[in-house]
Amino acid sequence: MDSYEAANTSDIMRISEVDPLFEPTAYYLMLKEENPLILFENVKSYSGFRMVTNLVGSDRRLAFAIGAERGDDVERRWRSIATSTASPALTDEAPVKELVQKEGQVDLLGLPVPVHYEQDGTRRGL
């Protein structure tokens, strides 16, 4: 995210806080014409969480995400990734491993899952 932002500052809209109940979708719909990547710095009622939407909503962002040189190079790069037989690189240290929850510790309701529309499932799973 930081490397993309450094090269594309005008393509990112930062919002200080968002309520996961309908607001992420409302922001996206309100900014649909500008089509920015939207980064919510804080998620209401979920301390320590950020949220992003419209991450690959443009050819430029999709190209960046998969390491393509430019938007018209996406198909070639995607085919290369999909047909690659290379093994993934393994590491013991990565940001994704900063918080690990094991059996009995996992609480899915502790995650800020957005509700996009009124007919979406509820936080209780009903």
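The values are calculated or read from the model by the stated rules, or taken from the named source; none is laboratory data. As the structure is a computational prediction, the values presented were derived from the model and not from experiment. Positions of Cβ are generated from backbone atoms using ideal geometry, with glycine treated the same way; all protein chains shown enter the neighbour counts.
General remarks:
- Residue match in region 19-37 (condition: surrounded by fewer than 14 Cβ atoms within 10 Å (Cβ to Cβ), touching a strand residue (DSSP E or B) at 6+ places or on another chain (Cβ under 8 Å) and aliphatic (A, V, I, L, M)): no
- Every residue from region 1-48 that is of a type in the set (Phe, Trp, Tyr) and closer than 24 Å to residue 117 by Cβ: 22, 27, 28, 40, 46
- Checked against (1) in a helix (DSSP H, G or I); (2) surrounded by 12 or more Cβ atoms within 10 Å (Cβ to Cβ), residue 42 passes all but condition (1).
- Residue satisfying all of: in region 70-126; among the small types (Gly, Ala, Ser), modelled with pLDDT of 90 or more and assigned to a loop (DSSP other than H, G, I, E, B); nearest to residue 28 (Cα to Cα) among these: 84
- Boolean, residue 50 is surrounded by 11 or more Cβ atoms within 10 Å (Cβ to Cβ), modelled with pLDDT of 90 or more and closer than 30 Å to residue 14 by Cα: yes
- Residue count for region 1-39 satisfying the condition of being of a type in the set (Ser, Thr, Tyr) and in a loop (DSSP other than H, G, I, E, B): 0.
- Test: residue 10 is at negative phi, hydroxyl-bearing (Ser, Thr, Tyr) and modelled with pLDDT under 95: yes
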